[in-house]
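The values are calculated or read from the model by the stated rules, or taken from the named source; none is laboratory data. All of these numbers come straight from a predicted model, not from anything done at the bench. Cβ placement follows ideal geometry from the backbone for every residue including glycine, while neighbour counts extend to all protein chains displayed. All accessible areas refer to the heavy atoms of the entire protein, side chains included, with ligands and DNA or RNA removed. Shrake-Rupley method; radii C 1.70, N 1.55, O 1.52, S 1.80 Å.
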Amino acid sequence: GRKGTRTLDRMTAHVIATAGMVLAGRDDPDARARIGLVLGSSTGSVQSITEFTRDTFVRERPYLVNPANFPSTVMNNAAGRTAIWYGLRGPNSTIAAGHLTGLVALRYASRLIRLGYVDTLLVGAVEEVSEAVSAGVGAMRRAGTVGPGSGPTPLGEGCVFFLLDGRDEAPDGSADGSVNGSGTGSADGSAGGAAVAELVGFESGVTEAGADPATTAAGLVRAIRTLLARTGLGPEDLWLVSLAQSGDGELDAAELAAVDQVVGAGPRRVVASERTGNSFSALGAFQLAAALAVAEEDRPAGEPSRPCLLTSLGVDGGVGCALVLA
């Protein structure tokens, strides 16, 4: 229903709506109370922050602001309100790591499960498109902080959630957990049924922010090779690579160069941003959703899951990759 939605900012509305898709069918209050939530976000709702700050300047007195708008300025507002909305009483965390946010949120969630803090987690990421975000990205492009490339990827928004269940972890402990359904801002999610993917591992690193593409590519190459070595897989074992391609010309070139160097032209490739735009902190979650969608369409009935690699680069110098079986 609409009760309690009047003061929701756009980002929180995305999160609550998408979480509801994934939780559909899980109506037992006691079962929901054991579920936690890990949400990836850039800074929370940038539009809410700028509007609340503006009010302190344009109102007759700086303190004559609408107090109902203040919660939306806090980064963990969306995760907190969603947990209250659905009665989720497990660990509740908000993760921010730029373009790597989606992958980092998955890694953080898998650690919570592996360390025994919770068995089941809603984990995902969200981004909003607003006047404030558009103005900020425009300023970064003019300052050269975000490379324009030959044709900038348009801004995108949305929310993606996965249900991560550690009770399906491999007996040898090699897997971080199983993804048991996903929801997006535009498609129904599934909360039941068999696991559709298994998180195998993650690897990340840091290069110098603004480094040349060759240096950035080398950092991602190290991360991919380390991840493959740790999981006992070779480049020839990979079935699919889900690329970020966020729209920054130099970063996109570095990502392609790294993937070409390590895995070559063998695995199938999918680029989520071709459909979602540059959804910034939600891009990594969209990458996983795209990989799962392709795997579901192309896997013959009864065939085992196949290794899929996710790669990401950030303007701050961060590099990261994840490996899933789907």
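Relative contact order for the stretch 214-326 using alpha-carbon pairs under 8 Å, separation at least 6, rounded to a whole percent? Provide the component values of the computation, followed by the final result.
Numbers: 169 pairs, mean separation 39.0, N = 113.
Answer for the stretch 214-326 is 35 percent.
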Average accessible surface area per residue within the stretch 195-250, 1.4 Å rolling probe, Å²: 42 Å²
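Rounded to the nearest 5, what is the percent of antiparallel bridges among the DSSP beta bridges in the stretch 196-326?
Numbers: 15 of 22 bridges.
Of all bridge pairs located within the stretch 196-326, approximately 70 percent are antiparallel.
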Extreme residue, positive dipole direction of the chain, given options 265, 178, 216 (C-beta unit charges): 178
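What net charge is computed for the residues neighbouring residue 62, neighbours being all others with C-beta under 12 Å from the C-beta of residue 62, Lys and Arg scored +1, Asp and Glu -1?
Numbers: positive: 54, 59, 61; negative: 55, 60.
With Lys, Arg at +1 and Asp, Glu at -1, the net is +1.
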Mean separation of Cα contacts under 8 Å, 6 or more apart, over the residue count of the chain: relative contact order %: 21 percent
Dimensionless Rg over Rh [the chain; C-alpha; Kirkwood]: 0.98
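Can you pull a Stokes-Einstein diffusion coefficient for the stretch 235-320 at 10 °C (1.306 mPa s), Rh from Kirkwood over Cα pairs, as a whole number of µm²/s? Show your work: numbers first, answer last.
On the way: Rh = 13.4 Å.
The Stokes-Einstein estimate is 119 µm²/s.
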The chain, dipole about Cα centre (Lys/Arg Cβ +1, Asp/Glu Cβ -1), debye to the nearest 20: 920 debye
Computed helical MRE - 222 nm, the chain, DSSP H runs ≥ 4 contributing -39500 (n - 2.57), nearest 500: -12000 deg cm²/dmol
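Antiparallel versus total DSSP beta bridges in the chain: what percent is that, nearest 5?
Details: 31 of 49 bridges.
So the antiparallel bridges in the chain amount to around 65 percent.
Per the 1.4 Å probe, what fraction of the accessible area of the stretch 37-168, in percent, lies on carbon and sulfur atoms? Before the final figure, lay out each step's value.
Values: 3480 of 6250 Å².
Accessible surface attributable to carbon and sulfur in the stretch 37-168 totals 56 percent.
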